[in-house]
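Taking it in order: structure first as C-alpha cells, then the write-up.
Each reported figure results from applying straightforward, stated rules to the coordinates on display, with no laboratory input. Bear in mind the structure is a predicted one, so any value in this text is a computation, not a measurement. Cβ sites come from the backbone with ideal geometry, for glycine too, and all protein chains shown count toward neighbours.
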C-alpha cells in the first residue's frame, strides 16, 4: 500500500497528510436546524462574532499556484484552503474528523465502502450549484496520474485507486480495496472542484495550466469561506467573503464574519515580527520562542499551543555506502550501526538544556517518534530516561569502546580498533535553533570523549548530502507530521520509506526490528478498531525508542500571536495553525 | 593628525595586538566553556562599593547564580583576585599555563562583558575571536600582497599582451560576486574541516579575493619605475631584468605595499567578520568576531541584549587605528615613490 506522509524537513512545510483511521460502522453527521445546516464539532467556547473587517496575514513566500490539486507547498495551501471545501474535515483543534460538505457518512462493516451524503443546496463561490457530479469530477482529477497531484498517493489504497460512484445527486459511494485504518480522514483536504469551470480545460489536457497565479478571480470558484478577489504578484493576495458559503454559526448567522483576508508576502521571520509590532499585520504563526517573548511585551494575544507536530532529532548515517567512495564515513558507520553507541549518545544529551536554552522552555523533551502534540496516539508509557553519563559510558564500554584522558585533561573515546571517536554533525545554517542545539550536543558528547564537529550548511546543500550523496556522518534535522495520525509518518518509519532518513533505499529491512516495525505499520493501516490500532502503534513506538535509529531531541511548541481584538483566535498544532477556523475569526467591536 | 598622535595610535594598536596575542592569560575562561545556568547574563562590572554603601579595597562583583529556571539572581559579593589559577590554555601553540589575569577563588563566575545564549563568557570569546580575526587579516594581507606583487610586477615590467591579459584577469576577479560564490563553494568542501583548516580557508579565500587590486596598483608603480632615468641607465649598462627588478624596480613598490597593508588588514578583518557572519568562517564552538556578531542576525538578540554589540564596537577603534597608521606610513614612505 502506498502511503504518503507530507513531512517537511527543516523548513517544515506542513503539507497535510491524510491517513485513514478508525472506520467505525456509523459515521458522524451534521445537525439540522431551521432548515439550515450548522457546523458541528466546534469548540464549545467559539463566540458569536460580528461582521466586517479584514485580516492581514503574513506569508513567508507567495503562492506558487492557486490550484488545490497541484499545490505542494504550504504557502499555496494557506491561501487556497481558505477558498476550498472538503467532504469530511479534520478539526485542527480536536484532531478529530467532522462533517463538512458531506452531511453524513456511513462505512460498511468490512470497512471498505464509504457512502457520503452531501449537504443540500451547496453552491460554489460563483453561485453555481454543487452536487455529486462535482465530487466525481474532483476525484477523477485527483486520481489522474497525468495530473500528478501530490495527494494522489493518499487515494491509492492497497495499491488500487479508490473507486468513486454517484448514487444520486447528493450521494456518492467510495470503494477501497482494503479497510483503511484512519478511515474518513482520507477525505480531508481533497478539494471539491467546480466541474463547470475546470472540466473543459481538463478534458483538453490543460489542467496543469489552470488556476495558476495569473488566473483571474472570475475563473476561480470554491466551496470555502472566502473567494479570490485579487492577486498582485510579489505583493499580496486578497480574498473576500464568499456569499454562498454553506456554514452558519450556532445562532444561525452565515459565516464567515470577516470581509477580507489579505496575505502579504514577508520573507523572514524577523521581518514578520517587526511588521506585527508596527501593526502592519494582524497575525503571527510559527513564531520562535525568542520572538514570542518579545511580543509578550507588546500586549498581543499570545498563544502557546503546546507541543507541535514537529520533532527534531540527531540522525546517524547508516546508509548502504557500497559503490560510493566515502571511506571515512564507512569507517564511522561501524560506530553508528551499534545500538549501544546510539543509546549512549541519547543518554548523554541534556534535553532539558535544549528545552531551556534553545526554546526558552517552550518545547518538550522527546524520547520517541510521537510528539505530545499528537494527543490520540502518543504512548504515554514510553520511558523517558534521565541524562546519565555513567550509564552512557557503561553502554560504550560494553560495546568495546574505551575512554581515556588526553594531555589537556579532556576525555577521549576510542573504539575497539583504538581509533578516536570523532564525527561531523551537519545542520542547516539558516536555522538558529538547530545550530544552537548542535553546539549544546557537541559539548554534551565531549563529556563522553566524542569529538563532534558542527558543520552548518546551507539547507539545500544539507538535503543534498542527506538524500543524494550520503556524504555526512550525522545530521541534526526536524520533521513535522502532516497529520495527527500514525499513517502520517509511515514514510519515515517503514524501511522502504522515502523519508527513512538514516538508511534510505532499503530493498529489505536491514534488521529484525525494522522488519517488525514494517509488519506493525502495515497492520495498523488496515486495522479499523481504534483500541487495537493504538496497541499496535504503541508497540511501534516502543521498538523505535528501544533501538534509537535516530536520537529524538525536542518538540517545539506551536507559538502564535494576534492583535488583541481578534475573536475566536484559537491556534491549533495541525496545519494551518491559525487560519484553520478563518470562517469564525472576527474583530471585536 | 599630527605625528605625535599617529605614533600614539600606533603604540596603542601594538598594545592591542599584544593583548590579543595572549588571550589565554587575559581571558578569565575557556571561550567554549558553557555555563548553562547563565544564558545572556548581562555584563557585571567590578565594584568597590557594595549595596550597603561599604567601600572595599579589593574589587568585587555580585557573582552570577542561577535558579532552576536559569534566571540569574544576585548573591553575595565575591572578591576579584589577580593572577589566579584557572582553565588551562596554550601560549604560542606549545607552552601551557593556568594563570589568568583575574578571576575569583571560590569558583564564582565573573562575566565582565556578559554571556551569550549558551552562557559562554563574551570577554573570553572576544579575546580569542579577535585573535582569529586579526591574524586572518594579517596573513590574508600578506598573501594578497605577495600575489599582487608578483603579478603586478610581471604585468608592469614586461607589459605587452601578457601584461594586458593579466590586467583583464585582475578585472575579472574584482568583478566576481565573491560572497555568493563562496556560499556555493562551501557546499562542496569536505565537511571535516577542523578549526585549523577553517582558519586556513579564510586566509586563502581573503588572500585570493584581494590580489587583483594590489596587482593593478603594483603594476602602475612598476610601469612608472621602469622608465625612470636610473633604471634606464642601468639597463643601458647591460643589467639583467632580474637585477633591475630586484635592485631598482621592486623596492620602489615597498612603500605602496606597506601603505596597502595597513589599509588591507582592517578591511580583511571586516571581511573575515562578513564570512563568519554568513557561516563561511570559523564554526562553532570556536569564536571569531564574525561569528560573535552573527548572533545579531536575530531580531530578539538585536533588541534585547546590548552587550552582544561589543565585538562590533571593538572593530571601530581597531580599524581607525589602522587607518591612522596607514596615513603615517603613506606620509613616510608612500609619497616618496608616487
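In degrees from 0 to 90, rounded to the nearest 10, what is the angle of the helix A:339-348 Cα long axis to the longest principal axis of chain A? Roughly 80 degrees between the two axes.
Of the peptides A:315-325, B:44-54, B:124-134, the ranking by mean beta-carbon count within 10 Å, highest at the top, reads B:124-134, A:315-325, B:44-54.
Can you give the relative contact order of chain B as a percent, counting alpha carbon pairs under 8 Å and 6+ residues apart?
20 percent
Other protein chain C-beta atoms within 10 Å of residue C-beta, averaged over A:283-290: 1.
For the peptides A:66-74, B:142-150, the ranking by mean Cβ contacts within 10 Å, running from highest to lowest, is A:66-74, B:142-150. All Cα-Cα distances of the protein assembly as shown, cut into 10 Å bins from zero to the largest, leave 2, 10, 17, 20, 18, 14, 10, 6, 3, 1, 0, 0 percent in each bin in turn.
The angle separating the long axis of helix A:512-526 from the principal Cα axis of greatest extent in chain A is about 10 degrees. Principal-axis analysis of the Cα atoms of chain A puts helix A:432-446 at an angle of about 20° to the longest axis.
Counting Cβ atoms of other protein chains within 10 Å of each residue's Cβ and taking the mean over peptide A:224-230 gives 0.
Peptide packing for B:319-332, B:233-246, B:166-179, B:98-111 was compared via the average number of neighbouring C-beta atoms within 10 Å per residue; ordered from the highest value, the list is B:319-332, B:98-111, B:166-179, B:233-246.
Neighbour counting of Cβ atoms within 10 Å sorts the residues B:180, A:244, fewest neighbours leading, into B:180, A:244. Legend: ranking of residues B:274, A:371 from fewest to most surrounding C-beta atoms inside 10 Å; resulting order B:274, A:371. Across segment A:200-268, the relative contact order, built from alpha-carbon pairs under 8 Å that are at least six residues apart, equals 23 percent.
Measuring between their Cα centroids, segment B:79-128 and segment A:530-563 lie 42 Å from each other. In chain A, Cα pairs under 8 Å separated by at least six residues give a relative contact order of 22 percent. Rounded to the nearest 500, the helix-only mean residue ellipticity at 222 nm of the protein assembly as shown stands at -11000 deg cm²/dmol, with each DSSP H run of n ≥ 4 adding -39,500 (n - 2.57). Across peptide A:328-334, how many C-beta atoms of other chains are within 10 Å of each residue C-beta, on average? Partner-chain Cβ atoms within 10 Å, mean over residues of A:328-334: 1.
By the Kirkwood approach, averaging reciprocal distances over each pair of separate Cα atoms, segment B:194-338 gets a hydrodynamic radius of 18.0 Å. Here residue A:230 and residue A:108 are evaluated by their C-beta separation; at R0 = 45 Å the FRET efficiency comes out at 0.50. Residue order for B:315, A:501, A:396, fewest other beta carbons within 10 angstrom first, comes to B:315, A:501, A:396. Does segment A:410-568 classify as rounded, prolate or oblate by the C-alpha gyration tensor (a ≥ b ≥ c root eigenvalues; a/c under 1.5 gives rounded; else a/b over b/c gives prolate, otherwise oblate)? Note, shape of segment A:410-568 comes out oblate.
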